[in-house]
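Please read the structure below before turning to the comments.
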Amino acid sequence: MNPTLGVLISGRGTNLQSILNAVAEGALRARVGIVVSNASGAPGLARAKEAGVPTMVIDHGSFPSREDFDRAVIDVLKRHDVDLVCLAGFMRLLSPVFVRAFPGRILNIHPSLLPAFPGLYAQRQALQYGVKVSGCTVHLVDEELDHGSIVAQTAVPVLEGDSVESLSARILVQEHLLYPEAIAKVLERLSA
């Protein structure tokens, strides 16, 4: 049986869509078992429902602490027998409680060539710094922000006159290609 992915989102869900497409096309031998969002209005929830994937909204504001929120998400992921957790535009920092619940089994995609420009607004940081090359990184999540072992990266040139929007759009195209490939690579390692 194919391994089960749990995908965490907060917004549009375009990386979720790239995962769903790769699964549907057979390019990614896995199944998305659950999509969890901390935002009830996240457009990505509709993408999941359209693909027949169960969804759950867990409002982080309903919990007294980050750890309590994380425990609720962990519980849902474990009930769905998730083998690998994929962060796809999930705009919450995970606590050590979460990271320890899925050691070496949490992936994130970030719109920069880590370790450069961690955190929010990576594309803006790249432009402000004046780099000639940016890109995206898929990495294993550890207890530090945008820090864990790098699984895969793709470089994207920064063009003369680029705006945050134009650079972000070009990076996003590469994210959609890179993330399913990186997930497949990690699943292969986990099954070895």
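Just so it is clear, none of the values below were taken in a lab; they were calculated from the coordinates. This one's a predicted model, so the numbers in the text were calculated from it and none came from an experiment. Neighbour counts are summed over all protein chains in view; Cβ atoms, including those assigned to glycine, are modelled from backbone coordinates with ideal geometry.
Things worth noting here:
- Modelled spin labels at residue 121 and residue 31, positioned 7 Å past Cα toward Cβ, are 4.3 nm from each other.
- With Cα atoms, 0 to 90° folded angle of helix 164-191 axis to the chain main axis: 50 degrees
- Computed from label points 7 Å out along Cα-Cβ, the spacing between residue 128 and residue 4 is 4.2 nm.
- Inter-site label distance for residue 59 and residue 93 at 7 Å from Cα along Cβ, in nm: 2.4 nm
- Lysines whose Cα lies under 27 Å from that of residue 78, excluding same-chain neighbours fewer than 8 positions away: 49, 185
- Rounded tilt (10° steps) of 14-24 against the dominant C-alpha axis of the chain: 60 degrees
- Computed over the chain with a Gaussian network model linking Cα atoms closer than 10 Å, the most mobile of 26, 104, 135 is 26.
- One chain, two ends: residue 75 and residue 144. Fully extended at 0.36 nm per residue, the span grows by 22.6 nm beyond their Cα-Cα distance.
- Global geometry of the chain, whether rounded, prolate or oblate, following the gyration tensor of its Cα atoms and the 1.5 cut on a/c: prolate
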